[in-house]
Amino acid sequence: MVFTPVVASDLKARAFLYSELAKFAGAGFGIDKACESIISQSGPDRVARSLCQAMLDGVRSGTSLAEGLARSSYPVSELEFSMVDAAEKGGQLEIGFRHLAEHFRQETEARRRIRRALVYPIVLLHFALLVGIGITTMFRTLGAGLTGKGSDNWRENLVPSLVWVAIGYLVAIGLILVWRSLSKAAMHSASIDALIQRVPFAGPVRRARGLARFCEVLHIYLLSGQRMNEAWRQAGEASQSGQLKSYAIRSSERLKAGESVGDVVVSAGSAMPGDLVRGLGSADLAGALDRETAEWAKFYREETAENVERLAEWAPKFFYWFVLGIAAWMIIRAVLSYGQVIQDMLNWGG
């Protein structure tokens, strides 16, 4: 089964959908009735309706909710599949849907905060480019008209600046595409995941988010009474972290062979922080892994929110300084163009 990343525009719809399903599950509604109710509402968009219809078709055809969900025409993440699968098997649909609703609500809020923080520096960048290019073009055209040197056609003077702007846009788009490609690859590659986690500000967000997903899915599988090795493997795959996934798949074989969670986590290495390793190890001895994973899931959700806030605070600052550098360069170009006009006029007059 192939899973793909959720499109950013779908996050809000999924947060709404799983929140509604959690309400219905908490009120004792069957999943078929809940899906029918959501589909009939005028509010939900096509994403929520499609996912509901897929789950409803799964129920009616005798397959599981997770399998039905995976057949939706919209992409479904490993987190969604694993969470719904575990929640259904263990009769914990309300908890599972609430985990998913909180996850997508946090994703939506994180992207909204970062986009909002970047609006001002982006506007400032384009204003600086517009004014700087306009003034430079004006001086070059004016100088050519007065001295006869160069072209007095403003379009010809404008083209070189626009070419450099276009190159800048292409570089920026290329960097964004490379980052997205690396982020997608990091879901399955431990080495790429480890590399991205070292990126200042963005790395800690990714690490905390992966750990939160791991603990959430492990928690719901434990509540559903699944075998530990299966719960461990599914939690790793749902984490969308290459390091955690690779480690969980390897260590699930040891759990299957009879080793304890405490024995397994000591070899987690960089996949898990020391505090989590010690917490899971002691909870395994105390027979309280379900409560422990719930606490760690909450902790890493909160840590993710704090890291996102830090990223939203500092990313615009770095971009703002970059914009100031561009603005300073545009001012220097305008001054140099003006100086060249004066110089040409003096030489022409002499």
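Screening Ser267 against (1) more than 28 Å from Gly91 (Cβ to Cβ); (2) assigned to a helix (DSSP H, G or I) leaves a single unmet condition, (2). Among the residues of region 60-79, the ones that are over 17 Å from Ala22 (Cα atoms) and aliphatic (A, V, I, L, M) come to 2 in all. Note on region 159-205: residues that are in a helix (DSSP H, G or I) and either of a type in the set (Lys, Arg) or surrounded by 16 or more Cβ atoms within 10 Å (Cβ to Cβ) (or both) amount to 13. Set side by side, the residues Ser50, Ser82, Ser64 differ, and just one is among the polar types (S, T, N, Q) and touching a Ser or Thr at 6+ places or on another chain (Cβ under 9 Å), which is Ser50.
Inspection of region 247-258 identifies no residue that is within 25 Å of Val308 (Cα to Cα), under 23 Å from the mean Cα position of the chain (by Cα) and not polar (S, T, N, Q).
Restricted to helices (runs of 4 or more DSSP H) entirely inside region 30-144, those with at least 2 residues that are over 30 Å from Lys245 (Cβ atoms) and out of contact with any His (no Cβ under 7 Å at 6 or more places or on another chain) are 31-40, 46-61. Criterion applied to Gln234, Gln226 was being within 22 Å of Leu255 (Cβ to Cβ) and in a loop (DSSP other than H, G, I, E, B), and the one residue passing it is Gln226. Within region 259-290, the set of residues being within 25 Å of the chain's Cα centre (by Cα) and among the aliphatic types (A, V, I, L, M) comprises Ala268, Ala271, Met272, Leu276. None of Thr293, Thr304 is touching a Cys at 6+ places or on another chain (Cβ under 7 Å), part of a helix (DSSP H, G or I), at pLDDT 80 or above and within 30 Å of Ala231 (Cβ to Cβ) except Thr293. If you filter region 314-350 down to residues that are among the aliphatic types (A, V, I, L, M), at pLDDT below 70 and touching a helix residue (DSSP H, G or I) at 6+ places or on another chain (Cβ under 8 Å), you find that the one that is nearest to Gly168 (Cα to Cα) is Val341.
The values are calculated or read from the model by the stated rules, or taken from the named source; none is laboratory data. Treat the numbers as computed from the prediction; the structure is a model and nothing was measured. When we count neighbours, we look across all protein chains shown, and the Cβ atoms used for this are built from the backbone with ideal geometry, even at glycine.
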